[in-house]
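Since the structure comes first, as structure tokens, the remarks are kept for the end.
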Amino acid sequence: MHIIVCIKQVPDTKQVRLDEKTHTLIREGVESIINPYDMYALEEGLRIKDRFGGKVTVCTMGPPQAESSLREAISYGADEAVLLSDRAFAGADTWATSYTLAKGIEKIGPFDLILCGKQAVDGDTAQVGPGIAERLAIPYVTWVRKIEEIGDGLIRVQRLMDDGYDRLETTLPALLTVVKEINEPRVPSLKGKMRAKSQKIGVYGTKELEADPERVGLQGSATQVIKVFPPPRLKEREWIEGTPVEQVGQLLGKLTKLKLII
Amino acid sequence: MNYFLSEEQQMIKEIAQKIADEKIKPVRAELDEKEEFPRDLLKVIAQSDLFGVCIPQEYGGFGGGSFENCLAVEELSRACLGVSTSFAASGLGAYPILLYGNEEQKKTYLPEIASGRKLAAFALTESTAGSDAGGIMTSAELKGNEYVLNGTKQWITNAGEADIYSVIAMTDRNKGARGASAFIVEKGDPGFNFGKKESKMGIRASATGELIFNQCRIPKDRIIAREGMGFIVAMKTFDQSRPGVGAQAVGLAQGALDEAVSFARTRIQFGKPIITFQAVQHMLADMATLTEAARALVYAAARFVDSGAKDFSKASAMAKVFASDAAMKVTTDAVQVLGGTGYMRDYPVEKMMRDAKILQIYEGTNQVQRNIIGQELNKEGGRKK
Ligand SMILES: Cc1cc2nc3c(=O)[nH]c(=O)nc-3n(C[C@H](O)[C@H](O)[C@H](O)COP(=O)(O)OP(=O)(O)OC[C@H]3O[C@@H](n4cnc5c(N)ncnc54)[C@H](O)[C@@H]3O)c2cc1C
């Protein structure tokens, strides 16, 4: 099996703050991590490799420093890594990103399965995985919480739904996006870390990918961010202030008055 | 403090740290409560290659030494001493083969231990032989192509869980200490069984139990080195492993100190966090100083061992005795800093205090360590004349 795992380097949202004026993330001085959902995708890829043999290739589109996330993925057990990087890729929305990643995957070569996290924690769109599958014209399943079986060119999975789960079967090659319920990621290995230090990582830009320059980066993006703002408050809210004891007293008073408690 | 770790050493530390924080901490209380052997965690550790840290590369290991082993053990111990004991005991079981085994034995056993596919154990202690190891009764008799073992080992870490046992037994009782030999016994060898598993005060996740040899037959090429070398194998094994016990102590003390500092910063009494009271600060200051001093001594001893020094009994014993006494004091004081909270099972420090005690007992009690240091001083003094 050849499994391709798409990962994204994101700011550690546990540390990140918002710029009060622009309402965008302050990325400076914030540590970069692999998008947490992608870690589950990587783990699932490694488990499939452990079971059936084959190899795992990780792929990311990002600035040159995104290479460190690929090296990290290698330390967990990924066999090969590809960085899609070009100044022209900057400012890409999900439309242009999925185009670029699909071109990258074509360049990597034949595969059986593509795995992505369900969404990235910085953008939260959940569009790139399905976008790649559409570009490559392969079936996809989102929100996968379990892979039940792989064999005979078919894959059977469970898709997490609000009220339970669906069982779905599709042909391979296919793309899956996974939720955190699917597994518990491993820790990196010593041998993996040693390999990550020295492994060569291919870097491809617009030219190497033979990509259409009109379709990558900001130019190729169908959406443009005009303004970022906090959404207006929809309902009346009331803040209760004071020491915890005072707050409880006030809350009790209000709830009693509204006859919500007696 | 900066101990100038190499890139590789930093990697070992990072991996062990990640295992400690992400995998061990969430389950340590339950393992302790249920006295449950941490099989899944040992698999995680195996997958990360840490079992091979101090095994040479030609036998599937990472090729590090005592120092690299200490770095891994310290981090694991910060989260749970029971888990780290199960891990470290496998290394203890491997040392006799690593130090004195022949090429064939090394090739057969070390790759299995390095990969974590098999767990090892070391068996010396018996009911009649604790500090006085010369009192062992277990015998091994050569009969044709086999040794036949009879006797019972007690309080053996990883008993029943390990696949490979380094066992010390008497081959010639008349020769006293020179009549002991070391053997490799495998789980499943005929006549080899396990007795009762002990219920313990601390390190409850680790398994401690009896090995029972009843006409146990093993091929004669399972002897390590040659007849009569048993106690030398055992003593050199301990010299090698004792900095590791020191590292366990350092990790445990660090874990307790971290809990105490974070609690003292948030616990409010008399309108202030208790860390603002000088009495509490001084306790924390002493805990931190002891822990750092222990770490410096353990690292120095481990690096001395790795330097190719011929005789390092004294340094190893010093590292073990100082660090374990430090850990006992630091964990006890951590409970004090947390007050009643520290005494409750909901917080990890009472477990750390229970766990600390074993470090002053196993791999030679701290009294025995002081005997070793004293004897070495006497020897050195004699040479100076
Ligand atoms: C949890 C646990 C795990 C263990 N794991 C292993 C293992 O994997 N393999 C193994 O072989 N053994 C193992 N042991 C055994 C351990 O090494 C012994 O308990 C230890 O060596 C002390 O022996 P003892 O308990 O018989 O105490 P004793 O030797 O009976 O000592 C009792 C007291 O007398 C003191 N004392 C004895 N002799 C002297 C002396 N000459 N000078 C001064 N003081 C002295 C001791 O310091 C101690 O305070 C384990 C023990 C425990 C509790």
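The values are calculated or read from the model by the stated rules, or taken from the named source; none is laboratory data. Remember, predicted model here, so these are calculated numbers, not experimental data. FYI the Cβ positions are ideal-geometry reconstructions off the backbone, even for glycines, and counts take in every protein chain you see. Heavy atoms of the whole protein, side chains included, go into the accessibility calculation; ligands, DNA and RNA do not. Shrake-Rupley method; radii C 1.70, N 1.55, O 1.52, S 1.80 Å.
At a glance:
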item: Karplus-derived HN-Hα couplings along region A:114-129 (A = 6.51, B = -1.76, C = 1.60, θ = phi - 60°), whole Hz, x at Gly and Pro; result: 10, 10, 9, x, 5, 6, 9, 6, 8, x, 6, 7, 6, 9, 5, x
item: Nearest-ten-degree value, helix B:278-306 long axis tilted from longest Cα axis of chain B; result: 30
item: Chain pair B, A: total accessible area buried, heavy atoms, 1.4 Å probe, Å²; result: 1400
item: Residue among A:GLY131, A:GLY62, A:GLY54 with the largest mean-square fluctuation in a Gaussian network model of chain A, springs linking Cα atoms under 10 Å; result: A:GLY54
item: Estimated [θ] at 222 nm from DSSP helical runs (n ≥ 4, -39500 (n - 2.57)) normalised by residues in the protein assembly as shown, nearest 500; result: -14000 deg cm²/dmol
item: Net length gained if the chain between B:PHE270 and B:MET1 were fully extended (0.36 nm per residue, minus Cα distance); result: 93.5 nm
item: Residue-normalised accessible area of chain A, given per residue in Å² at a 1.4 Å probe; result: 58
item: J(HN,Hα) series, region B:232-248, from Karplus relation 6.51 cos²θ - 1.76 cosθ + 1.60, nearest Hz, glycine and proline x; result: 5, 4, 5, 5, 5, 4, 5, 4, 6, 8, 4, x, x, 5, x, 5, 4
item: Region B:121-229: relative contact order in percent, alpha carbon pairs under 8 Å with at least 6 residues between; result: 31
item: Drop in accessible area of at least 50 Å² in the complex versus isolated chain, residues of region B:5-25, 1.4 Å probe; result: B:MET11, B:ILE15, B:LYS18, B:LYS23
item: Cα gyration tensor of region A:70-182 - equivalent ellipsoid semi-axes, whole Å, descending; result: 24, 17, 15
item: Shape of region B:121-229, Cα gyration tensor, a/c cut at 1.5; result: oblate
item: Threshold 20 Å², region A:184-210 residues less accessible with all protein chains present than alone (1.4 Å probe); result: A:GLU184, A:ARG186, A:VAL187, A:PRO188, A:SER189, A:LEU190, A:LYS191, A:LYS193, A:MET194, A:LYS197
item: Nonlocal amide H pairs with B:TRP155, under 5 Å, H built at 1.01 Å; result: B:GLY209, B:GLU210
item: Positions from region B:40-63 whose accessible area shrinks by 40 Å² or more when the full protein complex is built, not the chain alone, probe 1.4 Å; result: B:GLN47, B:ASP49, B:PHE62
item: Accessible surface ranking that places the most exposed of A:TYR40, B:TYR109 first, with a 1.4 angstrom probe; result: A:TYR40, B:TYR109
item: Fully extended contour minus Cα-Cα distance, from B:ALA300 to B:GLN10, at 0.36 nm per residue; result: 102.7 nm
item: Heavy-atom accessible surface of the protein assembly as shown: percent carbon and sulfur, 1.4 Å; result: 52
item: Surface per residue (accessible, 1.4 Å probe) for region B:231-380, Å²; result: 44
item: Neighbour net charge for A:LYS107 - beta-carbon separation under 9 angstrom, K R +1, D E -1; result: -2
item: Set of lysines near A:LYS254 by C-alpha distance (under 27 Å), chain-local residues within fewer than 8 positions excluded; result: A:LYS235
item: Residue-by-residue Karplus 3J(HN,Hα) for region B:16-27, coefficients 6.51, -1.76, 1.60, Hz, glycine and proline x; result: 5, 4, 5, 4, 4, 6, 8, 9, 8, 3, x, 10
item: List B:THR125, B:THR291, ordered by accessible area with a 1.4 Å probe, largest first; result: B:THR125, B:THR291
item: DSSP bridge orientation in chain A - percent antiparallel, rounded to nearest 5; result: 45
item: Average accessible surface area per residue within region B:121-229, 1.4 Å rolling probe, Å²; result: 43
